[in-house]
1. From the set of residues in the range 83-113 that are modelled with pLDDT of 90 or more and part of a loop (DSSP other than H, G, I, E, B), which is nearest to residue 160 (Cα to Cα)?
2. Please pick out the residue among 80, 46, 143, 69 that is at pLDDT 90 or above and either under 25 Å from residue 236 (Cβ atoms) or not in a helix (DSSP H, G or I) (or both).
3. What tally of residues in the range 5-31 results from selecting those that are part of a helix (DSSP H, G or I), surrounded by 15 or more Cβ atoms within 10 Å (Cβ to Cβ) and modelled with pLDDT of 80 or more?
4. Which one of these does residue 208 not meet: (1) crowded, with 17+ Cβ neighbours inside 10 Å; (2) touching a strand residue (DSSP E or B) at 6+ places or on another chain (Cβ under 6 Å)?
5. Any idea which of 256, 240, 236 is within 28 Å of residue 46 (Cβ to Cβ), without any contact (Cβ under 8 Å) to a residue 40 or more places away in the chain and either touching a helix residue (DSSP H, G or I) at 6+ places or on another chain (Cβ under 8 Å) or surrounded by fewer than 20 Cβ atoms within 10 Å (Cβ to Cβ) (or both)?
6. Within the bounds of the range 137-147, is there any residue that is touching a residue at least 40 places away in the same chain (Cβ under 8 Å), surrounded by 20 or more Cβ atoms within 10 Å (Cβ to Cβ) and either out of contact with any strand residue (DSSP E or B) (no Cβ under 6 Å at 6 or more places or on another chain) or closer than 20 Å to residue 254 by Cα (or both)?
7. Which condition does residue 202 not pass, out of (1) under 25 Å from residue 109 (Cβ atoms); (2) touching a helix residue (DSSP H, G or I) at 6+ places or on another chain (Cβ under 9 Å); (3) surrounded by fewer than 21 Cβ atoms within 10 Å (Cβ to Cβ), if it passes all the others?
8. All but one of (1) more than 18 Å from residue 279 (Cα to Cα); (2) surrounded by 18 or more Cβ atoms within 10 Å (Cβ to Cβ) hold for residue 266; which doesn't?
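The values are calculated or read from the model by the stated rules, or taken from the named source; none is laboratory data. As the structure is a prediction and not an experimental result, all values here were calculated from the model. Every residue, glycine among them, receives a Cβ derived from its backbone with ideal geometry; neighbour counts consider all protein chains shown.
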């Protein structure tokens, strides 16, 4: 019954929120965020602790409220993005020109591009923008439970023009499939700021130890594709983004190169998150 209710909730979100006038949807989602802030549930408490790790113990409480508002805005926009079609120009996203040029060059050179990003602002909007440039995009998604919800997210992102691989349970290891697509000039974006499995790479992050996925570093080293850490944030009217180039070291054993590259990515994430911590949607445990 719990799984059925969860599935119905997401289905309602995708059908009903899209039908609401935008000002009404914004008001409802902001009110829900403020209610969550005042209720101070487990997710809100975890967000507060995570933001204190970023900003310090003197962090203003309003930052937690703004973080929840940003998170609610992501969900509101995600539910409404189903109205976009593959290749449609998306006005709600802006890539700064230097980063746009770097991405364009990477695709033109035919090696593909690996984009590693934390959970900031609206990464789905960024993907819609990439597809609107007539670039091919493939990514990996965690297999959510219940399965029906995972399938809804899969269908949602594929309707937006992405190709999505399951992190587990696929016919082939996802890194092998991603490497093949990089060789054909595809863009590979990966959410990569949280990995609590034993396979995660331990990094220094805002003064603490955390684990992050090794996938972006492995792909870049294995294929030679350029690697960028992506930063996104909200303005009043849109999502804006810049990319920071990360160059894997050329010497040393593979495992050490992966560790060093992942640390460079963590440093790049930290630079962006420090600039706009309210748009980092980390409501789960991160630091060890």
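1. Checked the range 83-113; the qualifying residue nearest to residue 160 (Cα to Cα) is 112.
2. The unique qualifying residue is 69.
3. The initial filter retains those residues of the range 5-31 that are part of a helix (DSSP H, G or I), namely 5-19, 22-31.
Filter once more, so that each one left must be surrounded by 15 or more Cβ atoms within 10 Å (Cβ to Cβ): 6-7, 10, 13-14, 17, 25-26, 29-30.
If we keep only those that are modelled with pLDDT of 80 or more as well, we get 17, 25-26, 29-30.
Qualifying residue count for the region: 5.
4. For residue 208, the exception is condition (1).
5. Values: 256 fails: within 28 Å of residue 46 (Cβ to Cβ); 240 fails: without any contact (Cβ under 8 Å) to a residue 40 or more places away in the chain.
Unique residue meeting the criteria: 236.
6. Looking through the range 137-147, none of the residues is touching a residue at least 40 places away in the same chain (Cβ under 8 Å), surrounded by 20 or more Cβ atoms within 10 Å (Cβ to Cβ) and either out of contact with any strand residue (DSSP E or B) (no Cβ under 6 Å at 6 or more places or on another chain) or closer than 20 Å to residue 254 by Cα (or both).
7. Among (1) under 25 Å from residue 109 (Cβ atoms); (2) touching a helix residue (DSSP H, G or I) at 6+ places or on another chain (Cβ under 9 Å); (3) surrounded by fewer than 21 Cβ atoms within 10 Å (Cβ to Cβ), the lone unmet condition for residue 202 is (1).
8. Going through the list (1) more than 18 Å from residue 279 (Cα to Cα); (2) surrounded by 18 or more Cβ atoms within 10 Å (Cβ to Cβ), residue 266 breaks only (1).
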